[in-house]
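Taken together, the values in this text are just the output of simple stated rules run on the coordinates, not laboratory data. In this text, all values refer to a predicted model and were calculated from it rather than measured experimentally. Here the Cβ positions follow ideal geometry from the backbone for every residue, glycine too, while neighbour counts run over all protein chains shown.
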Amino acid sequence: MIPLATPDATMYWLSRRTRNDQFLLYCFAESSRADSALCAEILQRCAGVPELRLRLRDDPTGLAPPMWIPAEPTAAQIEQHRLPTPHWPELLTTLGRLTGTGIDARETSWRLHIFRGIRDSPVSDPQVTVVVLQISHALVDGRGASRIARALFAVPVPAENSPETTPGEVLAPAPRVGGLPPAPGARPPAISAVRLASLRAAVTLPVGVARTVRRGVGAARARNELAALTAAGRVPPPGPGYPPGPLNRPAGVTGHAVRMLVCPADDFRVPGLSVTVIGLTAVSIAVEQYLRGRGEAVTRLGAQVPMALPPRRDVRNNYRSLGVDLAAGESDPRRRAAVIAAELAARRERARHPLHDAQNAVDAVLPPLLLRRDVRDYPIHSTPERVTGHTVVSSVNRGPADLSLGGAPVRFTGGFPALGAVMHLTHGIHGLGETVTLSVHADPGVVDPDTYTGHLRDALRELSRLRR
């Protein structure tokens, strides 16, 4: 059995209170193979992806962390959807409903949704197959989920010809936590193993509390040292935080709508600026225009941007959320992009400082009983006085377009970061080969998805002129 690290257990317990699954979309040309053949191909490929052969077993006492246990993939995890009208707009409507669902990692840690024969897609193919990997956030973060999808859809190559790294991307290796699942046919761990883990956790609880206190003192010293370095100008200051805005209403999520802008990668290739910065700049322009169009005053805007961290042993969710200012009010797109690039660089520099590791050390030894209580009691439905950002922008390079399903090549990819009680608009920026997709996930009770996506399309068109 594989115990969950603190960040991963937190994601699991949060999933019991809100929807936080990840949804990775891959669009392929339409395959000539039958549905049953595609299902068989996927199950065969799952055998080579260790993370897809796990499910979660919780500790009923709450004393020990949840555990990953072996679970062989089955055809029940692959759902073939039949749309009454298999057109792209109908698909987007269905995907919106899908993003409002959640999986129970105790039953399955992932599910695959297949939509075949979709017409009028953003690419020139008469029909396409769209596949959506729905995966528990407790199992992996966004970078890890992209790696799993690549393993699932990669074109098999002989071992002697396999490159050591995939060109165009740097992805974290799969965490090796207590070994891999047993071979197919092996018996899963007995319930007694869970009881043994609970007993061990009960015995060591006082030790865990003591270690938490001791490391907490070290973390406090690290925070003071970081503050001194910041005051001396040797480390960039933290993000300022923002008062909640119109996109951060305290009411729960009323619905889900998704939209996608599939673009040539050249549209995001501006000298001196990264794909992430161009995407952030487009979002900043679109959000400001959308809010002003609704009569809202816009003085400051910020985005919450997840940043991947170097791999850590035993940790599957390994990232930090940065608060990046979006330069509201700057009318010149080039200057706005330059300000955002400088802000993102400063936030990244601070987040990478090793003094932050002291807090990770505290979290690593926090007894599961206390962590579960903190997650259970955290007021996720209350609006905080300040937010890290008014919207979320997640950016992942998913590598070259060398994936296939049923012999049909991949066309593009996308993804939809989860909404939250006070986060009603999120974005995904996902590159694959020579395409970059900017995906929108909105609560239609707060954001009109079509009007907003129109602003986003106009912003991207304006920014593409910076290449000249």
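For the range 2-157, what does the relative contact order come out to in percent, with C-alpha contacts under 8 Å and a separation of six or more?
35 percent
Which whole number of Å³ per residue matches the convex hull of the alpha-carbon atoms in the range 2-157?
Output value, Cα hull per residue: 124 Å³.
What is the extension gain from GLU90 to VAL123, computed as 0.36 nm multiplied by their sequence separation minus the C-alpha to C-alpha distance, in nm to one decimal?
Once the chain is fully extended between GLU90 and VAL123, it gains 10.3 nm.
Taking θ as phi - 60°, what are the ³J(HN,Hα) couplings along the range 247-255 by the Karplus curve (6.51, -1.76, 1.60), each to the nearest whole Hz, with x for Gly and Pro?
Once rounded to whole Hz, the list reads 7, 10, 4, x, 5, x, 5, 8, x.
Given Cβ point charges of +1 (Lys, Arg) and -1 (Asp, Glu) and nothing else, what value in debye, to the nearest 20, does the dipole of the range 2-157 about its Cα centre take?
Roughly 100 debye for the range 2-157.
Fully extended, how many nm does the chain gain between THR299 and SER36 (0.36 nm per residue separation, minus their Cα-Cα distance)?
Extra length from THR299 to SER36 when fully extended: 89.2 nm.
With only Lys, Arg, Asp and Glu charged, each at its Cβ (+1 for the first two, -1 for the last two), find how big the charge dipole of the range 79-132 is about the Cα centre; round to the nearest 20 debye.
60 debye
Can you give me the long-range amide H partners of GLU79? Hydrogens built in the peptide plane at 1.01 Å from N, cutoff under 5 Å, separation of 5 or more residues or another chain.
LEU112, HIS113, ILE114
Highest mean first, what order results for 17-27, 225-235, 124-134 on Cβ atoms within 10 Å?
Ranking, from highest mean packing down: 17-27, 124-134, 225-235.
Only four residue types carry charge here, +1 at the Cβ of Lys and Arg and -1 at the Cβ of Asp and Glu. Report the dipole size of the range 309-468 about the Cα centre in Debye, rounded to the nearest 20.
Rounded to the nearest 20 debye, it is 480 debye.
Quick one: which residues, 5+ away or cross-chain, put their amide H under 5 Å from the amide H of LEU403? H built at 1.01 Å from N.
Residues meeting the amide H criterion: VAL410.
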